[in-house]
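See structure below.
The values are calculated or read from the model by the stated rules, or taken from the named source; none is laboratory data. Keep in mind that this is a model prediction, so the values were computed, not measured. Neighbour counts run over all protein chains shown; Cβ positions are idealised from the backbone, glycine included. Keep in mind that these areas ignore ligands, DNA and RNA; they rest on the heavy atoms of the full protein, side chains included. Shrake-Rupley method; radii C 1.70, N 1.55, O 1.52, S 1.80 Å.
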Amino acid sequence: MAIFEDFTLTENPINQAPMAGYMRNQFPFAGLKTPDRKQQSHDLIQASKQLPVAAVLTGVAQLYQRSQREYQYVAIDMCVANVRRFDFGDIRHLTSFITKKSWWDTVDTWRKVFGLYIRRHPEQKQVVFDLFYQSENMWMRRVAIILQLLEKETLDQTMLTRAIEYDISTDEFFIQKAIGWALRDYSKTDSEWVKAFIASHSLSKLAVREGSKYL
(Lines give C-alpha, C1' and ligand atoms only; values in the text may rest on other atoms or scores of the structure.)
Protein backbone atom coordinates (compact mmCIF):
# COMPACT_ATOMS: atom_id res chain seq x y z
CA MET A 1 0.00 0.00 0.00
CA ALA A 2 1.16 3.52 -0.79
CA ILE A 3 0.85 4.71 2.80
CA PHE A 4 3.54 2.22 3.79
CA GLU A 5 5.59 2.47 0.62
CA ASP A 6 5.84 6.24 1.05
CA PHE A 7 6.75 6.09 4.74
CA THR A 8 10.37 6.99 5.38
CA LEU A 9 12.28 7.52 8.59
CA THR A 10 14.76 10.40 8.77
CA GLU A 11 18.12 8.91 9.65
CA ASN A 12 20.51 10.01 12.38
CA PRO A 13 23.98 8.93 11.18
CA ILE A 14 25.58 9.62 14.56
CA ASN A 15 23.69 6.74 16.17
CA GLN A 16 23.82 4.23 13.33
CA ALA A 17 27.10 2.47 14.12
CA PRO A 18 26.60 2.28 17.91
CA MET A 19 23.05 0.92 17.54
CA ALA A 20 24.13 -1.65 14.96
CA GLY A 21 27.05 -2.64 17.17
CA TYR A 22 24.75 -3.20 20.13
CA MET A 23 22.92 -5.76 18.01
CA ARG A 24 26.21 -7.41 16.99
CA ASN A 25 26.04 -5.76 13.56
CA GLN A 26 23.35 -8.11 12.37
CA PHE A 27 21.14 -5.30 11.05
CA PRO A 28 21.67 -1.80 9.68
CA PHE A 29 20.01 0.98 11.64
CA ALA A 30 18.59 4.36 10.72
CA GLY A 31 20.03 5.56 14.03
CA LEU A 32 16.76 6.51 15.73
CA LYS A 33 16.28 6.02 19.44
CA THR A 34 12.81 5.08 20.63
CA PRO A 35 11.37 8.59 21.24
CA ASP A 36 12.47 9.79 17.79
CA ARG A 37 11.17 6.68 16.09
CA LYS A 38 7.81 6.96 17.80
CA GLN A 39 7.55 10.63 16.93
CA GLN A 40 8.32 10.01 13.27
CA SER A 41 5.96 7.04 13.01
CA HIS A 42 3.10 8.58 15.03
CA ASP A 43 1.02 9.69 12.05
CA LEU A 44 1.46 6.37 10.23
CA ILE A 45 0.39 4.37 13.26
CA GLN A 46 -2.60 6.62 13.91
CA ALA A 47 -3.65 6.27 10.27
CA SER A 48 -3.30 2.49 10.48
CA LYS A 49 -6.14 2.37 13.01
CA GLN A 50 -8.51 3.48 10.26
CA LEU A 51 -7.34 0.87 7.76
CA PRO A 52 -8.87 -2.59 7.37
CA VAL A 53 -6.96 -5.15 9.42
CA ALA A 54 -5.88 -6.91 6.22
CA ALA A 55 -4.21 -3.69 5.10
CA VAL A 56 -2.42 -3.41 8.45
CA LEU A 57 -1.05 -6.93 8.02
CA THR A 58 0.10 -6.04 4.51
CA GLY A 59 1.81 -2.99 5.96
CA VAL A 60 3.64 -5.13 8.50
CA ALA A 61 5.02 -7.28 5.68
CA GLN A 62 6.08 -4.20 3.70
CA LEU A 63 7.87 -2.66 6.67
CA TYR A 64 9.59 -5.95 7.38
CA GLN A 65 11.10 -5.89 3.90
CA ARG A 66 13.01 -2.71 4.73
CA SER A 67 16.62 -3.29 5.69
CA GLN A 68 16.93 -0.81 8.56
CA ARG A 69 15.92 -2.29 11.88
CA GLU A 70 13.69 0.56 13.00
CA TYR A 71 11.16 -0.34 10.30
CA GLN A 72 10.61 -3.68 12.01
CA TYR A 73 10.10 -1.80 15.28
CA VAL A 74 7.50 0.42 13.62
CA ALA A 75 5.69 -2.66 12.28
CA ILE A 76 5.45 -4.09 15.78
CA ASP A 77 4.42 -0.75 17.28
CA MET A 78 1.61 -0.66 14.72
CA CYS A 79 0.44 -4.11 15.80
CA VAL A 80 0.43 -3.05 19.46
CA ALA A 81 -1.75 -0.08 18.48
CA ASN A 82 -4.16 -2.33 16.56
CA VAL A 83 -4.18 -5.44 18.75
CA ARG A 84 -7.73 -4.87 19.94
CA ARG A 85 -8.91 -5.31 16.36
CA PHE A 86 -7.12 -8.61 15.76
CA ASP A 87 -8.71 -12.03 15.82
CA PHE A 88 -6.99 -15.38 16.31
CA GLY A 89 -6.36 -15.77 12.59
CA ASP A 90 -4.50 -12.46 12.56
CA ILE A 91 -2.43 -13.51 15.57
CA ARG A 92 -1.58 -16.82 13.93
CA HIS A 93 -0.47 -14.93 10.83
CA LEU A 94 1.72 -12.57 12.86
CA THR A 95 3.62 -15.42 14.50
CA SER A 96 5.40 -15.89 11.17
CA PHE A 97 7.33 -12.68 11.81
CA ILE A 98 8.98 -14.22 14.87
CA THR A 99 11.10 -16.27 12.47
CA LYS A 100 11.98 -13.36 10.17
CA LYS A 101 15.08 -11.28 10.92
CA SER A 102 15.01 -12.87 14.37
CA TRP A 103 16.84 -11.49 17.36
CA TRP A 104 15.81 -10.81 20.94
CA ASP A 105 14.82 -7.19 20.28
CA THR A 106 11.98 -7.94 17.87
CA VAL A 107 11.05 -11.31 19.36
CA ASP A 108 10.52 -9.85 22.83
CA THR A 109 8.55 -6.92 21.45
CA TRP A 110 6.32 -9.25 19.42
CA ARG A 111 5.68 -11.06 22.70
CA LYS A 112 3.99 -7.89 23.90
CA VAL A 113 1.52 -8.11 21.02
CA PHE A 114 0.63 -11.71 21.85
CA GLY A 115 0.55 -10.96 25.57
CA LEU A 116 -1.86 -8.08 25.07
CA TYR A 117 -4.04 -10.26 22.88
CA ILE A 118 -4.44 -13.03 25.47
CA ARG A 119 -5.25 -10.47 28.14
CA ARG A 120 -8.12 -9.29 25.96
CA HIS A 121 -9.08 -12.87 25.05
CA PRO A 122 -8.15 -15.06 28.03
CA GLU A 123 -10.31 -17.87 26.68
CA GLN A 124 -7.86 -18.15 23.78
CA LYS A 125 -4.69 -18.27 25.87
CA GLN A 126 -4.22 -22.00 25.35
CA VAL A 127 -4.55 -21.90 21.57
CA VAL A 128 -2.19 -18.93 21.37
CA PHE A 129 0.32 -20.74 23.60
CA ASP A 130 0.08 -23.78 21.35
CA LEU A 131 1.27 -21.68 18.41
CA PHE A 132 4.67 -21.43 20.10
CA TYR A 133 4.96 -24.45 22.39
CA GLN A 134 7.30 -27.20 21.14
CA SER A 135 8.11 -25.28 17.97
CA GLU A 136 11.25 -26.31 16.12
CA ASN A 137 12.24 -22.65 16.14
CA MET A 138 14.06 -21.51 19.28
CA TRP A 139 12.67 -17.97 19.13
CA MET A 140 9.10 -19.27 18.96
CA ARG A 141 9.73 -21.35 22.07
CA ARG A 142 11.20 -18.31 23.82
CA VAL A 143 7.81 -16.63 23.28
CA ALA A 144 6.06 -19.67 24.80
CA ILE A 145 8.19 -19.25 27.94
CA ILE A 146 7.68 -15.50 28.34
CA LEU A 147 4.17 -15.28 26.86
CA GLN A 148 2.58 -14.58 30.25
CA LEU A 149 5.18 -12.04 31.33
CA LEU A 150 3.74 -9.33 33.62
CA GLU A 151 0.66 -11.39 34.41
CA LYS A 152 -0.04 -11.86 38.09
CA GLU A 153 -3.05 -13.81 39.41
CA THR A 154 -4.08 -14.70 35.86
CA LEU A 155 -0.82 -16.52 35.09
CA ASP A 156 -1.38 -20.18 34.22
CA GLN A 157 1.23 -22.06 36.25
CA THR A 158 0.71 -25.29 34.34
CA MET A 159 1.32 -23.52 31.06
CA LEU A 160 4.50 -21.88 32.35
CA THR A 161 5.71 -25.20 33.75
CA ARG A 162 5.17 -26.98 30.44
CA ALA A 163 7.04 -24.29 28.51
CA ILE A 164 10.00 -24.38 30.88
CA GLU A 165 10.18 -28.15 31.23
CA TYR A 166 10.22 -28.62 27.46
CA ASP A 167 13.40 -26.53 27.21
CA ILE A 168 14.87 -27.15 30.64
CA SER A 169 18.02 -28.78 29.21
CA THR A 170 18.31 -26.69 26.06
CA ASP A 171 21.83 -25.34 25.78
CA GLU A 172 20.84 -21.97 24.38
CA PHE A 173 21.49 -18.69 26.18
CA PHE A 174 18.29 -16.99 25.03
CA ILE A 175 16.15 -19.92 26.16
CA GLN A 176 17.77 -20.16 29.58
CA LYS A 177 17.60 -16.39 29.97
CA ALA A 178 13.88 -16.52 29.16
CA ILE A 179 13.29 -19.22 31.77
CA GLY A 180 14.98 -17.10 34.42
CA TRP A 181 13.14 -13.98 33.28
CA ALA A 182 9.73 -15.66 33.44
CA LEU A 183 10.40 -17.05 36.92
CA ARG A 184 11.84 -13.78 38.20
CA ASP A 185 8.83 -11.81 37.00
CA TYR A 186 6.32 -14.26 38.50
CA SER A 187 8.22 -14.37 41.81
CA LYS A 188 6.92 -10.85 42.45
CA THR A 189 3.42 -12.37 42.60
CA ASP A 190 4.00 -15.85 44.04
CA SER A 191 7.49 -16.19 45.46
CA GLU A 192 6.70 -19.47 47.23
CA TRP A 193 5.64 -21.14 43.99
CA VAL A 194 8.81 -19.99 42.27
CA LYS A 195 10.99 -21.15 45.17
CA ALA A 196 9.33 -24.58 45.06
CA PHE A 197 9.69 -24.73 41.27
CA ILE A 198 13.40 -23.94 41.38
CA ALA A 199 13.92 -26.47 44.17
CA SER A 200 12.13 -29.25 42.29
CA HIS A 201 13.71 -28.75 38.86
CA SER A 202 17.26 -29.13 37.58
CA LEU A 203 17.56 -25.68 36.10
CA SER A 204 20.68 -24.16 34.58
CA LYS A 205 22.81 -21.85 36.71
CA LEU A 206 21.75 -18.95 34.50
CA ALA A 207 18.03 -19.69 34.95
CA VAL A 208 18.42 -20.10 38.71
CA ARG A 209 20.43 -16.90 39.04
CA GLU A 210 17.91 -14.91 37.03
CA GLY A 211 14.86 -16.54 38.56
CA SER A 212 16.08 -16.08 42.14
CA LYS A 213 16.87 -12.39 41.89
CA TYR A 214 13.91 -11.25 44.02
CA LEU A 215 13.63 -14.29 46.29
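Of the residues making up the stretch 184-202, one or more are of a type in the set (A, V, I, L, M), open to solvent by less than 50 Å² (accessible area, probe 1.4 Å), farther than 20 Å from ALA75 by Cα and at pLDDT 95 or above. In the stretch 106-124, is there at least one residue being under 27 Å from PRO18 (Cβ atoms) and acidic (Asp, Glu)? Checked the stretch 106-124: at least one residue is under 27 Å from PRO18 (Cβ atoms) and acidic (Asp, Glu). Restricting the stretch 141-164 to residues that are in a helix (DSSP H, G or I) and hydroxyl-bearing (Ser, Thr, Tyr) leaves a set whose member that is nearest to the chain's Cα centre (by Cα) is THR161. Counting only residues that are modelled with pLDDT of 95 or more and among the small types (Gly, Ala, Ser), which one in the stretch 1-27 is most open to solvent (accessible area, probe 1.4 Å)? It comes out as ALA17. If I filter the stretch 4-13 for residues that are out of contact with any Asp or Glu (no Cβ under 7 Å at 6 or more places or on another chain), over 24 Å from ILE91 (Cβ atoms), in a helix (DSSP H, G or I) and in contact (Cβ under 8 Å) with a residue 40 or more places away in the chain, do I get at least one hit? Yes, the stretch 4-13 has at least one match. Residues that are open to solvent by 30 Å² or more (accessible area, probe 1.4 Å), hydroxyl-bearing (Ser, Thr, Tyr) and out of contact with any strand residue (DSSP E or B) (no Cβ under 6 Å at 6 or more places or on another chain) do not occur anywhere in the stretch 135-151.
For the stretch 46-76, what are the residues that are of a type in the set (Gly, Ala, Ser) and either over 13 Å from PHE7 (Cβ atoms) or touching a residue at least 24 places away in the same chain (Cβ under 8 Å) (or both)?
Correct list: ALA47, SER48, ALA54, ALA55, GLY59, ALA61, SER67.
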